Each structure stands twice: as C-alpha cells, then as structure tokens.
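Novice: Starting off with a structure, shown below.
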Amino acid sequence: MADAATAHVRINQGLLAQVERQVLLWLARRLPQRIHSDHLTALAVVGTAVASVSFALARWFPVAVVGVVAGLAINWFGDSLDGTVARVRRQERPRYGYYVDHVLDVIGATMLMSGLALSGFMTPLVALAVLVAYLLVSAEVFLSTAVGGAFRMSFVRIGPTELRVIVSAGALALLRWPAIDLPGLGRVLIFDVAGVVAAAGLLAALGVSAVLMGRQLYVAEPRRSH
C-alpha cells in the first residue's frame, strides 16, 4: 500500500492551478541552495500557527485578522513550494514527503479551526462540524490515493490555494461585516454561514467521490462466481 500511495499522480484542477504551477517553478529555480524543502515545510507550519493565533486574538483585537492573511500567505509559500523545490532539484523523498505533508495538513486544519472557534467569529460547534467534514474528506482522499493511484487536490475547481484566498478574503471582511441578517434567523455570524456551507460542500464531495471510487473499484475487481 505504501508504494501505491506514494507513486501517485497529483491532480489539481483548481482555478489558479496553472498560474500557481508556473510561479512555483519560477520561485524554486531561484531559491538559494541553502534553503531546502524541510525549511519550507517548517515555514508552512509557522504560517499556520500565525493564522491560527491571529484568529484567536481577533476576539479582543479585530485588526488581528490581518495576521490571518499574512499567516496563510506564509503557509502557501512553504507548503506549496517544498515539493516543487524537491522535484526541481531531484531530491524527492516520496514516502517521507507524502506522510509529513498530510500529517501536517491535518494538524494545521485542526489548529486553524481551533483558532476560529476561539475567535468569537464562528460558533465552536460549527467550527467542529467543518473540521470533522474536512477530516472525513481527507481520509477518503488518502484511501483513494492508496487504491487508485491519483491524489485529487481540488473539488469543483477549489483546491488548497483557492481555499486560502477565500479564507483570507473572509477574514478581512470580518472587519466590516462580522454578521449578517438572514430572513427567519435574524443576526447570524457570517463565518457560521460560511462554515455550514463549507461542511455541507465537503460532505457532498465526500459522498460523490466515495461513490465514484467505489464504482471504479467494483468494475475493476468484479465478483467472481464459483
């Protein structure tokens, strides 16, 4: 299973994927040799921590949401560039990279949603629902990669980079519109609305992906009658 999971094809059909790929290659070829992929992975963790703490601090200092944008930008730089640098320099470590990247992704999502839950801009229960939905989708993606050999990084044209942009824009919007009025519900936190939509979207993506992969495997491995 380890070989199937690590010798996979990465599929990213996000809206920004093509432009991002060119930018990352440009950066990787110009990055000083003394900076390697492990440094960038560590930088990504720092970026997640900055974004998470900034969300938590926004409960008392709303302007701290600017730190969320900075943290997500730092995370993008480290997380997106570490694998590109390894490939450009022919220093790939498939099993190590696959494992560390995705363990840190899960930890990072937990940190970020914890920061949001502490921020006062999202109800903790909604933050928990989003986190659970994300973890379920992650588990399905990891399993699909292991049995299907394709690591899908995006759903409906939204991948990690697009998601960072959306969260950053939402964080800045909190400075002016922390809540909205909805018919029949009254005043509702804008991130609660976004969180419910995100959790529903993730669960829908989980269902569709699970059915398609299950069907693909069923056809590839038909039941034999004796």
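Novice: What are the pairs with Cβ atoms under 8 angstrom where one residue, in segment 146-160, is more than 15 Å from Leu206 (Cα to Cα) and of a type outside the set (Gly, Ala, Ser) and the other, located anywhere, is modelled with pLDDT under 90 and not in a loop (DSSP other than H, G, I, E, B)? Sequence gap at least six, or different chains.
Specialist: Val147/Ala4
Novice: A further question on this structure: Do the conditions hold for Ala44, that is, is it within 27 Å of Ser144 (Cα to Cα) and aliphatic (A, V, I, L, M)?
Specialist: In short, yes.
Novice: On the basis of being part of a helix (DSSP H, G or I) and farther than 20 Å from Leu189 by Cβ, does Ala129 make the cut?
Specialist: Judged against the criteria, Ala129 is not a match.
Novice: Continuing with this model, one more query. Yes or no: segment 90-108 includes at least one residue that is among the hydrophobic types (A, V, I, L, M, F, W, C), over 30 Å from Gln33 (Cβ atoms) and out of contact with any His (no Cβ under 7 Å at 6 or more places or on another chain).
Specialist: First, pick out the residues of segment 90-108 that are among the hydrophobic types (A, V, I, L, M, F, W, C): 100, 103-104, 106-107.
Next cut, over 30 Å from Gln33 (Cβ atoms) only: 106.
Narrowing the set further to residues that are out of contact with any His (no Cβ under 7 Å at 6 or more places or on another chain) leaves 106.
Yes, that holds for at least one residue.
Novice: Tell me, which residue of segment 58-72 that is free of Cβ contacts under 8 Å to residues at least 60 places away in the same chain and in a helix (DSSP H, G or I) is nearest to Pro178 (Cα to Cα)?
Specialist: The qualifying residue nearest to Pro178 (Cα to Cα) is Ala64.
Novice: For residues in segment 87-109 being in a helix (DSSP H, G or I) and over 20 Å from the mean Cα position of the chain (by Cα), which is nearest to Glu140 (Cα to Cα)?
Specialist: Taking the candidates together, the pick is Arg87.
Novice: Given the condition farther than 18 Å from Thr110 by Cα, among the aliphatic types (A, V, I, L, M) and without any contact (Cβ under 8 Å) to a residue 40 or more places away in the chain, answer yes or no: does some residue in segment 76-99 qualify?
Specialist: no
Novice: Under 6 Å by Cβ, and 6 or more places apart or on different chains, what pairs join a residue from segment 103-117 that is at pLDDT 95 or above with one that is assigned to a helix (DSSP H, G or I) and surrounded by fewer than 16 Cβ atoms within 10 Å (Cβ to Cβ)?
Specialist: Final answer for the pair search is Ala117/Pro124.
Novice: Being in a helix (DSSP H, G or I) and touching a residue at least 24 places away in the same chain (Cβ under 8 Å) is the filter here, so list the residues in segment 28-38 that pass it.
Specialist: Within segment 28-38, Ala28, Arg29, Ser37, Asp38 qualify.
The values are calculated or read from the model by the stated rules, or taken from the named source; none is laboratory data. All figures in this text were calculated on a predicted structure; none of them were measured in a lab. Counting neighbours? That spans all protein chains shown, and the Cβs are built from the backbone with ideal geometry, glycine included.
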